[in-house]
Amino acid sequence: MGWKRMKSILPAGSYYFSGADAMAEGAIAARVGYFAGYPITPATEIMKRISVRFRDTGGVFMQMEDEIASVCSLVGASWAGAKAMTATSGPGFSLMQEGIGYAAMTETPIVIVDVQRAGPSTGQASRVGSGDIMQAKWGSHGDYQIIAICPWSVQEAYDQTIKAFNLAEKYRVPVLLLAEEAIGHLRERINISEDIGIFNRKKKSGAAPFGTEEEDGVPPMPAFGDGDKLLVTGSTHNDYGLRKTDDPLVQAKLVSRLDKKIMNNRERIIDYDSYYMEDADVIVIGYGFTARSSLFAIEKLRAEGKKIGMLRLKILWPFADGLIRDIGTKAKAIFVPEMNKGQVAGEVMKYASCQVISYSQTNGEVIYPGTIVEQLRRLL
Amino acid sequence: MARDLEQYLRPRLITPFCPGCGHGILMGLILRAIDELGVDIDDMLFVSGIGCAGWIPSPNFNADTIHTPHGRAIPCATGAKMFNPKLQVLVISGDGDLVDIGGNHLIHAARRNIDLTIICANNMIYGMTGGQACSTTPQGAFTQTTGQGNPYRPFDLCKLVAAAGATYVARYSVTQPLALIASIKKALRTQGFCFIEALSPCPTQFGRRNQLDSPTDMLKFLMDTCITKEEAKGLSPEELEEKIVTGEFSDGGN
């Protein structure tokens, strides 16, 4: 229970991995015990590697009949004590929304990788997009919170998959790894360290599994078979899981705690990197693959003496509202390049008091550094 | 003796079922089967979906229970069973939940022959939402959404699940309590995917729209309609149309 240092499963050293390989290995390093999935481009490579690697590590692999079954089986496995994961892309992510809401309501730790492709609908299966950012936040009905992480490199695909499991276990929440096709298929050299920090869910026999007075708002989670006679339900329930579907106080308390256990801890959860921010007038807000292109562009413009910097969001949800508000008071303008129609730009506009410019490209291709340089020159 | 079964019920709960509902009978029969087998209920996991039958185990059974989204009982059960094979997993849900919205999961779990026991409480209608037709509603039957009689044929659930590869498949009505208890015991002892269709009367939604106004009329209807495989042997196809054949349709070689 709680934090501990554990040995990496792969020997420490340097590896040449695709993003998909790195996410599979990150899951294995985090001690994933159950993986269920359904084939989908461009996420299948994760399932493929896990199915092979589980022969050595002893995890349970299930290829299910669809993504609904995949995510629901994760909930069953997680309550049976597993660290559970699936990987998909847009169309499968749409089908999983039901299960994501269920996992949020039952406070079940699960990890879902969405290797985003160009949508809507079937769209361009093997091309890149990042159009699922808002779906990740709002995809299932009702009010709930999730955590969404966005890697920009193969190294981060590994590190952040471990982090996804840790956050899921710590906050008993679905954690979504919003990768993009370009990250899933990117190949890079990465370093795997000797030991890693692993968080395992809190257990406390007899304690209420759906209510707590603890400050973090996260109740302990026993497993099936522990003798706790658990009541798990997606219906509104009291601290012990008993359905209370017409009690306004129970509903208000539950929905409020599901919200607060993430939002009150958001300063601990939020993660970002800053580049050339000290004297920047114009700030790029980047995430995922587009942040890589943006950094190239910024370094080129910096060499010309332009005062430009970048804030790279590593956690997209909960959103870094305070940070954006702060930057908005200092910068002249914020520029948000994205492979969608301004999903994060809209969020930035909610909090930044300065001018916010959204640059959107939805042609199934990554945004090249040259494009960003060109766009930024108009601003500078 | 009857009160002995209370040890398996969560204290201080009241039955959620309508007067005349068969699910209360089924609840008792399931607990009797567990009691007679001597299974430790703490080693069991009860999984149910949405609808009246989903409330048989959740929250009534004093054991680990998981109440899933509509139609998803079997995938949740699959995940739990595959990760912890020591759990004896019993799925109890309705026909609409397991076969309509969850039908794809049902046939795939049967195909994989996952070691689960499924009890499908079949009342031939969507009870909780007010009596709409479902995939088990008899052709011609009146429901909220088939005011001129159901134009479609129902599934034969046992044929469907047996064809999908289940190890054990049986059908009994709650009006055949001893046979149903024996069947549940057999299913719980059998390795592999076991499916029991338990016919259960719904006077509130099905009976009142189909000239079976009282709970006793509905029970009599099931007692008259349900025949054994042996009784079915002498009947013509036309006579069989009016009957529901009960018994074991795949016994897993036992």
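Quick notes
- For B:Leu45, the conditions (1) buried (at least 24 other Cβ atoms within 10 Å of the Cβ); (2) under 16 Å from the mean Cα position of the chain (by Cα); (3) not charged (D, E, K, R) are fulfilled apart from (2).
- Checking each residue in segment A:56-66 for being within 7 Å of chain B (Cβ to nearest Cβ) and not in a loop (DSSP other than H, G, I, E, B) picks out A:Val60, A:Met62.
- So B:Cys202, is it crowded, with 20+ Cβ neighbours inside 10 Å and either part of a loop (DSSP other than H, G, I, E, B) or over 15 Å from the mean Cα position of the chain (by Cα) (or both): yes
- As for segment B:56-74, it holds no residue that is farther than 23 Å from B:Ala163 by Cα and either without any contact (Cβ under 8 Å) to a residue 12 or more places away in the chain or in a helix (DSSP H, G or I) (or both).
- Against the list (1) β-branched (Val, Ile, Thr); (2) closer than 22 Å to A:Ile269 by Cβ; (3) over 21 Å from the mean Cα position of the chain (by Cα), the condition A:Ile357 fails is (2).
- Here segment B:72-109 is the region considered, the condition is being buried (at least 24 other Cβ atoms within 10 Å of the Cβ) and among the basic types (Lys, Arg), and the residue that is farthest from the other protein chains (Cβ to nearest Cβ) is B:Lys81.
- Verdict on A:Ala168 being modelled with pLDDT of 95 or more, in a helix (DSSP H, G or I) and closer than 30 Å to A:Tyr359 by Cα: no
- The number of residues in segment A:129-155 being in a helix (DSSP H, G or I) and crowded, with 23+ Cβ neighbours inside 10 Å comes to 3.
- Filter pass, A:Ser126 being of a type in the set (Ser, Thr, Tyr), at pLDDT 95 or above and surrounded by fewer than 24 Cβ atoms within 10 Å (Cβ to Cβ): yes
- For segment A:67-101, the tally of residues that are out of contact with any Pro (no Cβ under 8 Å at 6 or more places or on another chain) and facing chain B (nearest Cβ under 7 Å) stands at 7.
- Tally, over segment B:21-45, of residues that are assigned to a helix (DSSP H, G or I) and free of Cβ contacts under 8 Å to residues at least 60 places away in the same chain: 8
- Of the set (1) over 20 Å from B:Gly71 (Cβ atoms); (2) in contact with a Ser or Thr (Cβ under 8 Å, 6 or more places away or on another chain), all apply to B:Leu45 but (1).
The values are calculated or read from the model by the stated rules, or taken from the named source; none is laboratory data. Note that the coordinates shown come from a computational prediction; the quantities given were computed from them, not determined experimentally. Please note: Cβ atoms are built from the backbone with ideal geometry, for glycine as well, and neighbour counts cover all protein chains shown.
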